[in-house]
Amino acid sequence: MNWWQEAITAAKKNDPAVKSGLEVVLTYPGVHALFFHKFSHFLYRHRRFLLARIHSQIWRCLTGIEIHPGAKIAPGVFIDHGMGVVIGETAEIERDVVLFHGVTLGGTGKDTGKRHPTVRQGAFISANVQILGPVEIGEKAKIGAGAVVLKNVPAETTAVGVPAKVVRIKGKKVQHD
Amino acid sequence: MNWWQEAITAAKKNDPAVKSGLEVVLTYPGVHALFFHKFSHFLYRHRRFLLARIHSQIWRCLTGIEIHPGAKIAPGVFIDHGMGVVIGETAEIERDVVLFHGVTLGGTGKDTGKRHPTVRQGAFISANVQILGPVEIGEKAKIGAGAVVLKNVPAETTAVGVPAKVVRIKGKKVQHD
Amino acid sequence: MNWWQEAITAAKKNDPAVKSGLEVVLTYPGVHALFFHKFSHFLYRHRRFLLARIHSQIWRCLTGIEIHPGAKIAPGVFIDHGMGVVIGETAEIERDVVLFHGVTLGGTGKDTGKRHPTVRQGAFISANVQILGPVEIGEKAKIGAGAVVLKNVPAETTAVGVPAKVVRIKGKKVQHD
């Protein structure tokens, strides 16, 4: 599959409101942002930092999604709605990850070098989740809406709340005291 | 009253910063979005789904508010500020509801058919509230800023927190253990 | 230092991703919004309320940041990313304050006159924080991501959560029962 086919497949799989592939191509700001980011990231890798930022800020204005040109994002990632998403310079997102609007993959200001999260394959990040620092969100982990995540979240667990706590492991409820 | 008069009345009633009706008509993105939505919804009802989405995504870009063309919204609803608001395809909003910026009336991905909230007359949804699933927010209910609502909220109650809990019934505080 | 020099200094101090002063001037929407706000506020002080609002809504569309023309903001304030920031008419922000995207300095609807927060020098307000009402955020206070603040936060304390509680005083952890 090429990049666009993967984008359409991801949108259809995750959004029951999709009516056609053409609709995804023409009207999904999250798909547009990720497509534009490919070129911003190309400029960044060739050390055209200023040009890369100018490019990314132009499509930020059109899509409401701010992805730093340095972020590494695999094909098949789906950003739904997307307004207010902020993804930092050293963030990494693997295949089949779903992100909703208002999600931050940001820094805490305490780290140098790798300062932003890594989100592993198939993780699901609900609306308005703030993930801060060089933490890891494991494969197929789920983060509930509005959660604030400051620590690693293991694979196949569900974390919710402010600050986020694990409430399910492989679908089974966890007791907290 | 026509649609615009109701919109101005709702804005004046809910926002102490309003200086004139002309100001509301010219500078309130929430009012613009709801006006444009009337036409997106018209296209949707006539099954021009793609055209409806293209139309709604153009004014999303101008207003920062994303309302799916399928959503049913009564006159006299007021969206204040509005940046980041996301309203899903099967959401319904009754008269005199007030919504602030960052509010989501979204889905959980677990439902089919009716997947998004119903917000009853006069409910007040504060900034950044996430309401997910086909839940009902009762008449004159109030939801506090930043709350995450996954269950029905009865009429005339106040719910706050992540996840949201009822803290007042008809203005009287509720004790939680 | 002139206004732009202070803006560049504040950005470099607070964002490790900054590559050059030119990058800040050309590509930081928070810097653009604060620069445009100077003119909106000038119009407001000369009682050109409608013109001031039209001006502010045009650059809201470009930056994703909504600052009411009446808000009083000192030089050297830094808004990072900025999408979804809403700052109310009677809000005041002192020097060296840092605000992230999604922050609200809003009203509760219960007050008249001074209805919005005052943020004292050097305070740090993380992403998606909602501060509502005429409360005061003290000098060098820190508010954690996603917090909802409805009361004063004293100087040099850290507050987090929904609703926000003080968890550190001058860097030292506080015990809650």
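Condition check: of a type outside the set (Phe, Trp, Tyr), under 22 Å from A:GLY106 (Cβ atoms), within 11 Å of chain B (Cβ to nearest Cβ) and touching a Pro at 6+ places or on another chain (Cβ under 9 Å). Does C:ALA141 satisfy that? For C:ALA141, the condition - of a type outside the set (Phe, Trp, Tyr), under 22 Å from A:GLY106 (Cβ atoms), within 11 Å of chain B (Cβ to nearest Cβ) and touching a Pro at 6+ places or on another chain (Cβ under 9 Å) - is not met.
Considering only residues in the stretch B:1-37 that are within 10 Å of another protein chain (Cβ to nearest Cβ) and among the hydroxyl-bearing types (Ser, Thr, Tyr), the one that is surrounded by the most Cβ atoms within 10 Å (Cβ to Cβ) turns out to be B:TYR28. Restricting attention to the stretch B:75-102, the residues being open to solvent by 30 Å² or more (accessible area, probe 1.4 Å) and either in a loop (DSSP other than H, G, I, E, B) or under 22 Å from A:LEU22 (Cβ atoms) (or both) number 7. The set of residues in the stretch B:41-58 being under 20 Å from B:VAL97 (Cβ atoms) and out of contact with any Gly (no Cβ under 9 Å at 6 or more places or on another chain) consists of B:SER56 alone. Filtering the stretch A:121-138 to residues that are open to solvent by less than 50 Å² (accessible area, probe 1.4 Å) and either on the phi < 0 side of the Ramachandran plot or more than 14 Å from chain C (Cβ to nearest Cβ) (or both) leaves A:GLY122, A:ALA123, A:ILE125, A:SER126, A:ALA127, A:VAL129, A:GLN130, A:ILE131, A:LEU132, A:VAL135, A:ILE137, A:GLY138.
Taking into account only those residues within the stretch C:153-177 that are over 26 Å from B:VAL129 (Cβ atoms) and among the charged types (D, E, K, R), which is surrounded by the fewest Cβ atoms within 10 Å (Cβ to Cβ)? Looking at residues that are over 26 Å from B:VAL129 (Cβ atoms) and among the charged types (D, E, K, R), I get C:ASP177. Which condition does B:LEU105 not pass, out of (1) hydrophobic (A, V, I, L, M, F, W, C); (2) part of a strand (DSSP E or B); (3) open to solvent by 10 Å² or more (accessible area, probe 1.4 Å), if it passes all the others? Failing condition for B:LEU105: (3). The set of residues in the stretch A:112-133 being in contact with a Gly (Cβ under 8 Å, 6 or more places away or on another chain) and either β-branched (Val, Ile, Thr) or not in a strand (DSSP E or B) (or both) consists of A:ARG115, A:HIS116, A:PRO117, A:ARG120, A:ALA123, A:SER126, A:ALA127, A:ASN128, A:VAL129, A:ILE131, A:GLY133.
When the stretch C:38-75 is filtered for residues that are facing another protein chain (nearest Cβ under 7 Å), in contact (Cβ under 8 Å) with a residue 12 or more places away in the chain and not basic (Lys, Arg), the ones remaining, listed by number, are C:PHE49, C:LEU62, C:GLY64, C:GLU66, C:HIS68.
The values are calculated or read from the model by the stated rules, or taken from the named source; none is laboratory data. Note that the coordinates shown come from a computational prediction; the quantities given were computed from them, not determined experimentally. Ideal geometry is used to build each Cβ from the backbone, glycine not excepted, and the neighbour counts take in all protein chains shown. Accessible surface areas use protein heavy atoms only, side chains included; no ligands, DNA or RNA. Shrake-Rupley method; radii C 1.70, N 1.55, O 1.52, S 1.80 Å.
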